[in-house]
1. Within the stretch 284-311, how many residues are free of Cβ contacts under 8 Å to residues at least 40 places away in the same chain and more than 8 Å from the ligand (Cβ to nearest atom)?
2. Every residue in the stretch 345-380 that is of a type outside the set (S, T, Y), closer than 17 Å to H151 by Cβ and open to solvent by less than 10 Å² (accessible area, probe 1.4 Å), please.
3. Output the residues belonging to the stretch 341-358 that are within 9 Å of the ligand (Cβ to nearest atom) and either in contact with a Pro (Cβ under 9 Å, 6 or more places away or on another chain) or of a type in the set (S, T, Y) (or both).
4. Return the total of residues in the stretch 8-53 being outside any loop (DSSP other than H, G, I, E, B), of a type in the set (A, V, I, L, M, F, W, C) and over 25 Å from Y101 (Cα atoms).
5. On the basis of being part of a strand (DSSP E or B), in contact with a Phe, Trp or Tyr (Cβ under 7 Å, 6 or more places away or on another chain) and either aliphatic (A, V, I, L, M) or outside the structural domain of R119 (by TED's automatic domain parsing) (or both), does V57 make the cut?
6. Scan the stretch 327-337 for residues that are touching a residue at least 40 places away in the same chain (Cβ under 8 Å) and surrounded by fewer than 24 Cβ atoms within 10 Å (Cβ to Cβ) and jot them down.
7. Can you say whether G321 is within 14 Å of I221 (Cβ to Cβ), open to solvent by less than 30 Å² (accessible area, probe 1.4 Å) and within 23 Å of the chain's Cα centre (by Cα), as far as the supplied structure shows?
Amino acid sequence: MQLYSIKDLELAHKRVFIRCDFNVPMDEYGNITDDRRIRAALSTINFCLDQDCSVIVASHMGRPKGERSDKFSLAPIQRRLQQLLKRDVILAKDVIGEDAYAKAQALKPSEVLLLENLRFEKGEEKNDPKLSKALADMAEFYINDAFGVSHRAHASVEGITHFFDNEHKAAGFLLQKEIQFFGTLLKRPVRPFAAIVGGSKVSGKLEALINLLPRVDKLLIGGGMAFTFLKQMGYDVGNSLVEDDLLQDAQHVMDEARRLGVKFYLPVDVVAAQAFAPDAVSKLVTVQEIPQGWMGLDIGPATVRLYREALNDVQTVLWNGPMGVFEMERFARGSSKIAHFVADSYATTVVGGGDTADLVQRIGVDEEMSFISTGGGASLELLEGKILPGVQQLVIEEDA
Ligand code: AMP
């Protein structure tokens, strides 16, 4: 899938609107704890500045639900962006109000204006064309570099693309890189190709599993979702997380794996606990011996060994979803062991965004991965085989 590229636009000295995803995590004091998403947008912003563009940057942060609130102001983003760009960034007091418009009009070449949180406007999440038009009217060009939110049909992501023709809109470098990476992964992976899929529920990943099956050589399951499969296979999984309404779907996934010759792996042992709590009594058991009333909260050491063995010969690894409740230290070991093994491997290693990206960063192996996506939900939708709403209008139609 080819996207209109920022490189092909005649941007010099023009006014450019760049939709970024600066939805970064913050601590209780309002300090940015991980600025990866801001750093990831720098190449696109700098590319425009190098061409003396007047650059208007916009992003959402958190869920202010259409109301202005200091808690969700982009002021901390402005400060970090200034540091990273090493130049002044003007912060508008609003999104499409008088202040934003006046500042946008007065913006000189090579200056950067950051609009306030897009979600202060009720129309943003509703994809309101009035808001899209008001944003579009600020600039001559539109660049989408907000991969993390491109699976949402929002006013600054999808609606706005309808107000620019193909010579005046494009994907930024980050968006292009993400789309290309996942495209190659799904179409032309270097084999053997293994997907490690974990996380809480089968329901959240079912479509991705079905879409991945014809593409992968091995599928390794972990996390809470493993228990729906195990129950369907006849194991007594105690109080572990199970989606009873998805037992047939789990069977379908296993049947498809068999039909397609995909090697399908489930945990053979787990860390079982008496309760879902960081200090709960826990023990290592095989999946045959989960005590009544206990729940599996992590994969066990035998599973880690088995998965290492299975991953030994692979050339490409895709990892989406933790192997256990990694937020609690006692149940983070399985994910940590797998993270270290994946990081050390010579294979191309791709980490889906969200929790898994968070996890590898916490463990400190993020630098060793080939690619870490900046979008959890967006990368999952790509794995499901969907075209993201924010990308749809930026795709170059191929000649028949
Ligand atoms: P997801 O958003 O579907 O990728 O799921 C991520 C969440 O799954 C994390 O918050 C984990 O705590 C949770 N999780 C992983 N393993 C288990 C498990 N065995 N039981 C319950 N929750 C789990």
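The values are calculated or read from the model by the stated rules, or taken from the named source; none is laboratory data. The shown structure was predicted, so the numbers you read here are calculated from the model rather than taken from an experiment. As a convention, Cβ positions derive from the backbone with ideal geometry for all residues, glycine included, and neighbour counts pool all protein chains shown. Surface areas here come from the heavy atoms of the whole protein model, side chains and all, with no ligands, DNA or RNA. Shrake-Rupley method; radii C 1.70, N 1.55, O 1.52, S 1.80 Å.
1. 11
2. Listed by number, the residues that qualify are G352, G353, A357, G375, A378.
3. Once the filter is applied, which keeps residues that are within 9 Å of the ligand (Cβ to nearest atom) and either in contact with a Pro (Cβ under 9 Å, 6 or more places away or on another chain) or of a type in the set (S, T, Y) (or both), the stretch 341-358 yields D355, T356.
4. 3
5. Against the criterion (part of a strand (DSSP E or B), in contact with a Phe, Trp or Tyr (Cβ under 7 Å, 6 or more places away or on another chain) and either aliphatic (A, V, I, L, M) or outside the structural domain of R119 (by TED's automatic domain parsing) (or both)), V57 does not qualify.
6. M328, E329, R330, R333
7. When the stated conditions are applied, G321 passes them.
Okay, residues lined up against (1) within 16 Å of the ligand (Cβ to nearest atom); (2) buried (at least 16 other Cβ atoms within 10 Å of the Cβ); (3) part of a helix (DSSP H, G or I):
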site: D313; (1), (2), (3): no, no, no
site: V317; (1), (2), (3): no, yes, no
site: V325; (1), (2), (3): yes, yes, no
site: A339; (1), (2), (3): yes, yes, yes
site: L382; (1), (2), (3): yes, yes, yes
site: G385; (1), (2), (3): no, no, no
